[in-house]
Amino acid sequence: EPSDRNEGEVSGAKVIAQALKTQGVEYMFGIVGIPVTEIAFAAQELGIRYIGMRNEQAACYAASAIGYLTGRPGVCLVVSGPGLIHALGGMANANMNCWPLLVIGGSSERNQETMGAFQEFPQAVRSSIYGRPGACYVDIPADFVNLLVNVNSIKYTECCMSPPVSMAETPAVCMAASVIRNAKQPLLIIGKGAAYAHAEKNIRKLVEQCKLPFLPTPMGKGVVPDNHPNCVGAARSRALQFADVIVLLGARLNWILHFGLPPRYRPDVKFIQVDICAEELGNNVRPAVTLLGDINAVTKQELASQKSPPMNYYTVFYHVQEQLPRDGFIVSEGANTMDIGRTVLQNYLPRHRLDAGTFGTMGVGLGFAIAAAVLAKDRSPGQRVICVEGDSAFGFSGMEVETICRYNLPIIILVVNNNGIYQGFDTDTWNEMLKSQDATIAAPPACLLPNSHYEQVMIAFGGKGYFVQTPEELQKSLRQSLADTTKPSLINIMIEPQATRKAQDFHWLTRSKM
Ligand code: ADP
Ligand code: MG
């Protein structure tokens, strides 16, 4: 170890070691030799742990594992030529694993070849951990190592900041939430990117809040413990094969995951891909939703948007059926509203159900309800009329609400509102669609204005209006409407815009689709 010749001077090796220390490097693996020996000594002196290995390849593997485990690059110190060549295996492995790594190699003296500059340390550390993590190589010319420089002429760049946290765009987060909610067999795949991102707390919340089965990749294991009841690791092949929606959290669709292709996956499986690397998105398969960002941040966003999930048809009708008076009239029209409602809402008396009928007519509902309510008034006072309308169907005769109010008929109108005909879109998606194009050009024909307050129509004429988004609100408004025998009411029930009926796997339906 060359000692500094005078107080004011310091060797290149010490400058390098101090620069590493300043960048928060804690571990160095390597094999010393000309010209890098002094760097190892200097590093050790500053408290950086130096581990001498027997082959640069193993040293490089070790340093990269430090990067994965701590989020700050480990250093692999190698000599020029064969040392660097041996390290290449470790660099390639770190790069393929997306693990940060700093390889420092000594090359020949500057007067013998092109110059490399050790002033590039901070940039090297930064680029190893920013964006998709990976390996960086810094070349140190031999004469730099023992060069003496004036202490006052050195300026260490301060430790680079932790990688900035990026989040996915909001419409994509909402879209993903909706795809997950409507999945019949969802599956979360947890990769080592999720492990690297330290996203364990939020991923566990997502698993439990959305009741998602999950499958860890080999190094994704333990992010959520293997013994968690939702872990389907033991049925890996079947889980992959039958999932209709797969959320990829920091795992690539490479050979480990059979490229995301049939026969190991359903041909129609929808992937939701979360990754910090834009270039990775859409690799091999075309994802239904891509979420570009840090896994921990995106998982948090997803959790926020999954709070109080919108109701679907089945939730709505379940709660309606619970309170429906047995002798009531059920009037109904709409597409899904009428179809699904018919299977869930029970009739106990003949001639007490009126709907779109043989002709499949939309717009009959309010007229039918008025007739039933007038009859009830005359013949069996107290008998209620419940009019279950899709939001589109309601629109066909909505102005009859004025008639209902004028004659003070205590009809209860339920508008099951999915923002459209058959299916609609949520406000965010709608706004996104119309951001760059006028509605007259870009609005999908099946869409109605999202979040329309149909209950205001009833309020306009003096009846009672309710806007409900949760099962609790639905129960409460139904109870109040049924309790009030003097006034009509309209309950506008917001449901998941993309909600549909449960899948039916009758062979004739399957065949007719082909
Ligand atoms: P596995 O082998 O577990 O399937 P892969 O190495 O295939 O994992 O995929 C890891 C993915 O994680 C890479 O595409 C990488 O870009 C990504 N990644 C790494 N860190 C983060 C992070 N903080 N946030 C999001 N994605 C990340
Ligand atoms: Mg993978």
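The values are calculated or read from the model by the stated rules, or taken from the named source; none is laboratory data. All values derive from a computational prediction rather than experimental measurement. With ideal geometry, Cβ positions are generated from the backbone for all residues, glycine too; neighbour counts draw on all protein chains shown. Note: accessible area is taken over every heavy atom of the protein model, side chains too, but ligands, DNA and RNA are not part of it. Shrake-Rupley method; radii C 1.70, N 1.55, O 1.52, S 1.80 Å.
Some points to look at:
- Residues of the stretch 153-179 with an amide N closer than 20 Å to a point placed 7 Å from the Cα of Asp268 along the Cα-to-Cβ direction: 176-179.
- Considering only beta bridges that DSSP places wholly inside the chain, some 5 percent are antiparallel.
- An oblate overall shape is assigned to the stretch 262-322, the ratio a/c of its alpha-carbon gyration tensor axes (a ≥ b ≥ c) being 1.5 or greater and a/b not exceeding b/c.
- A Förster radius of 22 Å, combined with the Cβ-Cβ distance separating Ala92 from Lys221, puts the computed FRET efficiency at roughly 0.40.
- Per-atom-type breakdown for the stretch 198-246 gives carbon and sulfur 55% of the accessible area (1.4 Å probe, protein chains only).
- For the peptides 335-341, 321-327, the ranking by packing is 335-341, 321-327, with the highest mean count of neighbouring Cβ atoms within 10 Å listed first.
- Take the Cα of Lys377, step 7 Å toward its Cβ, do the same at Phe242, and the gap between the two points is 5.5 nm.
- Two-decimal log10 I(q)/I(0) for the chain, as the Debye equation yields it once each C-alpha is a single scatterer, q = 0.06, 0.11 Å⁻¹: -0.46, -0.95
- Accessible area expressed per residue, the stretch 1-111, with surrounding protein chains retained (probe 1.4 Å, Å²): 43 Å²
- The P(r) of the stretch 379-487 has a tail past 18 Å containing 55 percent of all C-alpha pairs.
- Nonlocal amide H pairs with Phe271, under 5 Å, H built at 1.01 Å: Ile246, Ala288, Val289
- Other-chain or far-sequence residues with amide H under 5 Å of Met311's (modelled H): Glu496
- Solvent-accessible area per residue, Å², over the stretch 316-396 with all protein chains present [probe radius 1.4 Å]: 46 Å²
- Once both labels are positioned 7 Å from their Cα atoms along Cα-to-Cβ, the gap between Tyr407 and Thr70 label points is 8.1 nm.
- Three-way shape label, the stretch 209-254, alpha-carbon gyration tensor, a/c 1.5: rounded
- In range of the label at Gln321: residues from the stretch 352-369 whose backbone nitrogen is under 20 Å from the point 7 Å along Cα→Cβ: 352-356
- Fraction of accessible area attributable to carbon and sulfur, the stretch 1-109 (%, probe 1.4 Å): 55 percent
- Computed P(r) (all Cα pairs; the stretch 358-421; 5 Å bins; percent): 4, 19, 27, 24, 15, 9, 2, 1
- At R0 = 25 Å, FRET efficiency that the Cβ-Cβ distance of Phe359 and Tyr422 yields, to 0.05: 0.85
- Probe 1.4 Å - accessible area at Lys201, Å² to nearest ten: 150 Å²
- Accessible surface, 1.4 Å probe, highest first, among residues His198, His453, His258, His228: His198, His453, His258, His228
- Calculated [222 nm] ellipticity per residue, helices only, for the chain: -11000 deg cm²/dmol; basis is -39500 (n - 2.57) per DSSP H run with n ≥ 4, divided by all residues, nearest 500.
- The distance between label points at Asn451 and Asn230 comes to 2.8 nm (points 7 Å beyond Cα on the Cα→Cβ vector).
- Within the assembled protein chains, the solvent-accessible surface assigned to Leu46 is about 60 Å², based on a 1.4 Å probe.
- A Förster distance of 56 Å, applied to the separation of the beta-carbon atoms of Tyr314 and Lys155, puts the FRET efficiency at 0.25.
- Surface composition of the stretch 380-504: carbon plus sulfur atoms hold 55% of the accessible area, using a 1.4 angstrom probe and ignoring ligands, DNA and RNA.
- Between Trp508 and Trp255, full extension at 0.36 nm per residue minus the direct alpha carbon distance yields a gain of 87.4 nm.
- Computed with a 1.4 Å probe over protein heavy atoms only, the accessible area of Phe461 comes to about 80 Å².
- Under 5 Å, built H, 5+ apart or other chain: amide partners of Cys76: Phe29, Leu102, Val103, Ile104
- Residues of the stretch 438-501: accessible area per residue with a 1.4 Å probe, Å²: 48 Å²
- Rounded, prolate or oblate (a/c below 1.5 giving rounded, otherwise prolate when a/b exceeds b/c) for the stretch 172-288 by Cα gyration tensor: rounded
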